[in-house]
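Undergrad: Provided herewith is a single structure, encoded as structure tokens, for subsequent inquiry.
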Amino acid sequence: MTSHGRLGAAVLTLLLTFPLTMCGAAAPAEKAPPATPAGAPAPPAEAGPAQSAYPQGGYPAQPGYAAPPPSAATGAPDQGDLAQRRAAARAELQRAQSDLEAAATDCAAACRALSSMERATQHLCTLVADPDDQKRCDDAQHRLAAARERVRSSCGTCQ
Amino acid sequence: MNVRIRRRRADGPKGHQTTWLGLLLVLSLAGAGCRNEGSTTAGCPSSEPSGTPVDTTIMAFLSAARALHHEADLREKSGDAPGAIAALERLIAMPAPAAAEVDEVLADTHARLAELRLARGDLDGADRDVQGGLQRVAGPTYFRGHLLEVQGLVEEARATAFVDAGKREEATAAKARAISLLEEAVRVQEQVIDRALADGGRE
């Protein structure tokens with residue numbers, strides 16, 4: 001995967017992870033005050049954290065349809081898992097950014113060296129006076145063509 | 001010595017600076033990123049309070065180098081080549097801290113001085129500058145390759161001068177040296193590209 005690709009994947013992972021985290025954050029905290037006023041009937045005992053008095057994300061429950069099971073039963077990631085995934089995504093994003101910056105620096109260096117190579121080859125070939133010189137010019141031109149193609153394939157065009 | 005120089009200027013004035021001005025920018029940003037939070041320092045490469053994330057001597061040298069190259073740019077643009085040379089000579093004469101970045105700046109400065117002298121027909125002076133620059137950089141680096149390239153141009157100009165003077169043998173020898181130097185420059189820059197793109201296209 002290229003640096004751009006890795007960066008994109010990391011960003012995508014972060015984008016996918018944060019909404020999950022936000023959903024998790026919507027669940028009431030353990031120490032949250034009761035949603036019902038004193039004296040009001042208590043909610044059913046089987047109502048888990050996902051069925052609090054606060055509306056849940058997504059479509060509202062429809063009458064006649066079964067209520068969604070608790071989050072634990074769905075296999076949804078818990079807070080610790082989400083935190084780990086988020087940290088991993090952040091680390092991947094940082095790595096991708098570093099790779100991208102390094103690639104930009106490497107391409108700048110390669111382009112600069114390519115320019116020097118082009119100038120040197122041009123001057124070398126203007127000095128050709130015999131077959132041996134011509135051979136050396138041809139060799140330099142072949143090297144230049146290979147280097148140019150390598151830079152083009154890795155970096156695109158040089159500025 | 002009247003020398004006909006068959007060459008195009010390798011870099012504009014800005015071309016010389018882009019190499020290490022980027023480094024100066026990075027160092028400046030690293031310094032700017034540091035902030036004092038009470039007794040600690042946050043946001044620095046080294047968060048230890050006693051740490052010195054950026055060597056101030058190197059920073060000062062690079063800053064002075066930037067200013068002097070800028071002055072040389074301005075003088076060169078206004079046609080004052082001797083003034084440009086004088087500005088760069090002041091940089092060469094400065095006490096230089098021991099650091100790879102400083103060596104690269106000085107090698108680049110020597111290369112620019114050599115080009116300026118070459119354009120004025122001062123081949124011996126240009127050769128001295130190339131030698132001074134080559135002492136600063138070893139191995140396959142852009143700076144070494146560029147110095148070899150400039151030295152090849154110096155020998156090319158020398159060959160032309162010998163031809164003008166009717167010195168055929170000396171001209172042939174100078175031309176042979178030019179070809180060898182330019183070949184070496186090609187090889188060095190080829191290695192620079194190979195190293196720079198070592199990971200490119202493999203992922």
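Undergrad: Given a Förster distance of 51 angstrom, what is the FRET efficiency for A:S98 paired with B:A81, based on the Cβ-Cβ distance and rounded to 0.05?
TA: 0.75
Undergrad: Follow-up. Would you order A:M117, B:M94 from fewest to most other beta-carbon atoms within 10 Å of each residue's own beta-carbon?
TA: So the ranking, lowest neighbour count to highest, is B:M94, A:M117.
Undergrad: Counting Lys and Arg as +1 and Asp and Glu as -1, what is the net charge of the other residues whose Cβ lies under 10 Å from the Cβ of A:A147?
TA: 0
Undergrad: Hey, another quick one. What ranking do B:I193, B:I92 get, fewest neighbouring Cβ atoms within 10 angstrom at the top?
TA: Arranged by neighbour count, lowest to highest, B:I193, B:I92 become B:I92, B:I193.
Undergrad: Fewest first, what order do A:V151, A:V128, B:V150 take by the number of other Cβ atoms within 10 Å?
TA: Ascending Cβ contact count within 10 Å gives the list A:V128, A:V151, B:V150.
Undergrad: If you count, for every residue in A:124-133, the Cβ atoms of partner chains within 10 Å of its Cβ, what is the mean?
TA: Average per residue, whole number: 4.
Undergrad: Is there a simple number for the mean count of other chain Cβ atoms within 10 Å of the Cβ of residues in A:146-154, and what is it?
TA: Mean shielding count: 4.
Undergrad: Pop a pseudo-label 7 angstrom from the Cα along the beta-carbon direction at both B:D55 and A:E118 and give the gap in nm to one decimal.
TA: Spacing of the two 7 Å Cα→Cβ label points: 3.5 nm.
Undergrad: Sort B:159-168, B:104-113, B:135-144 for me by packing, meaning the mean count of neighbouring Cβ atoms within 10 Å per residue, highest on top.
TA: Descending packing order for the listed peptides: B:104-113, B:135-144, B:159-168.
Undergrad: Can I ask one more? Please give, to one decimal in nm, the separation of the simple spin-label points placed at B:S180 and B:R90, each 7 Å out from Cα toward the Cβ.
TA: It works out to 3.9 nm between the two label points.
Undergrad: In nm, give the distance between the simple-model label positions of B:A64 and B:A99, each being 7 Å from the Cα along the Cα-to-Cβ direction.
TA: Between B:A64 and B:A99, the simple spin-label model gives 1.3 nm.
Values quoted throughout were computed directly from the atomic coordinates according to the rules given, and no laboratory measurement underlies them. Just so we're clear, the structure is a prediction, and the values are computed from it rather than from any experiment. A quick note on method: Cβ atoms are made from the backbone with ideal geometry, for glycine too, and the neighbour counts reach across all protein chains shown.
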